[in-house]
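Let me begin by presenting the structure, written as structure tokens, before commenting on it.
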Amino acid sequence: DDYNSTHFQMQMYGNHGRITVVLREAKAFYMIVTKWILIPLLMLISRLPFFILYGISNALYLIGYKVIGYRKKVVRENLCLCFPKKSLHEIKSIEKKFFQHLCDMFVESIKSISISEAEIRKRYKFTNIEEINKIEAANKSILLMCAHYGSWEWIFILQTYTSHRSYAIYKRLQNKYF
């Protein structure tokens, strides 16, 4: 009938009475929102100076950690498992720093949309670049392994300090809109 074909379809599965609602227009709506609202908004936000972005990060921390308590229990349990000898006071201190760092990473990811090479160079420092240059001079291959900590996407600035081409191995996001 017209109602089901236009808006959604309901299907019954098995004796369990589970009903799956398949929204036909959800995918198209999601694509429109992402392409015409979310991406332009993120591009505008990425142009903000860091001090404003870190202010947003602090607000996200207050809302996410203090008000909502986003995954606080999971984080605390994991920290207690990793650091069984630490006191609850020390665990809470690490927990707060983790959430502050998480919010900073979130806004830095947005900043990555428009950040300049000069700004990355100012914020991303390397030590012992001369060691890489020695290996390059010997015409040898180099394999660098980096921890997933901080704004690791900015590591590609390393290419401006060396003559070797750089490649990254990563797992592609499942969400095709991002």
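The values are calculated or read from the model by the stated rules, or taken from the named source; none is laboratory data. Small disclaimer: the values here were computed from a predicted structure and weren't measured. A quick note on method: Cβ atoms are made from the backbone with ideal geometry, for glycine too, and the neighbour counts reach across all protein chains shown. These accessible areas exclude ligands, DNA and RNA; they are computed on the full protein's heavy atoms, side chains included. Shrake-Rupley method; radii C 1.70, N 1.55, O 1.52, S 1.80 Å.
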*List Glu130, Glu95, ordered by accessible area with a 1.4 Å probe, largest first*: Glu130, Glu95
*For segment 88-178: relative contact order, % (alpha-carbon pairs under 8 angstrom, 6 or more apart)*: 29 percent
_Probe of 1.4 angstrom, ligands and nucleic acids ignored: what's the accessible area per residue over segment 86-178, in square angstrom?_
78 Å²
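How high is the relative contact order of segment 40-134? Use alpha-carbon pairs under 8 Å, at least six apart in sequence, and give a whole percent.
Values: 47 pairs, mean separation 43.5, N = 95.
This gives 46 percent for segment 40-134.
Could you sort Arg71, Arg123 by their accessible area in this structure, using a 1.4 Å probe and putting the largest first?
Details: Arg71 130, Arg123 95 Å².
Largest accessible area first, the residues go Arg71, Arg123.
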*What FRET efficiency comes out for the pair Phe50/Leu143, r = Cβ-Cβ distance, R0 = 25 Å, nearest 0.05?*
0.20
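Work out how much length Tyr170 to Ser93 would gain on full extension: take 0.36 nm times their residue separation and subtract the Cα-Cα distance, in nm to one decimal.
On the way: separation 77, 0.36 × 77 = 27.72 nm, distance 3.17 nm.
Result: 24.6 nm gained on full extension.
Leaving out ligands, DNA and RNA, and with a 1.4 Å probe, what % of the accessible surface on segment 103-147 is carbon or sulfur?
Working: 1750 of 3240 Å².
The nonpolar share, carbon plus sulfur, comes to 54 percent.
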*Keeping all protein chains in position, work out how much accessible area Val74 exposes to a 1.4 Å probe, and write it in Å² to the nearest 10.*
60 Å²
_Qualifying lysines (Cα of each under 18 Å from Cα of Lys27; at least 8 residues distant if same chain)_ = Lys35, Lys176
*asked:* If you average the alpha carbon positions of segment 129-178 and of segment 71-85, how far apart do those two centres end up, in angstrom?
replied: 32 Å
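Which order do Lys97, Lys171 take by accessible area at a 1.4 Å probe, largest first? Don't jump to the answer; show the numbers that get you there.
Values: Lys97 130, Lys171 170 Å².
Descending order: Lys171, Lys97.
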*Using a cut-off of 16 Å between alpha-carbon atoms, which lysines can reach Lys92, once sequence neighbours fewer than 8 places away in the same chain are excluded?*
Lys66, Lys72, Lys73
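Subtract the Cα-Cα distance of Phe156 and Leu62 from 0.36 nm times their separation in residues, and report this length gain in nm to one decimal. Before the final figure, lay out the partial values.
Working: separation 94, 0.36 × 94 = 33.84 nm, distance 3.18 nm.
Result: 30.7 nm gained on full extension.
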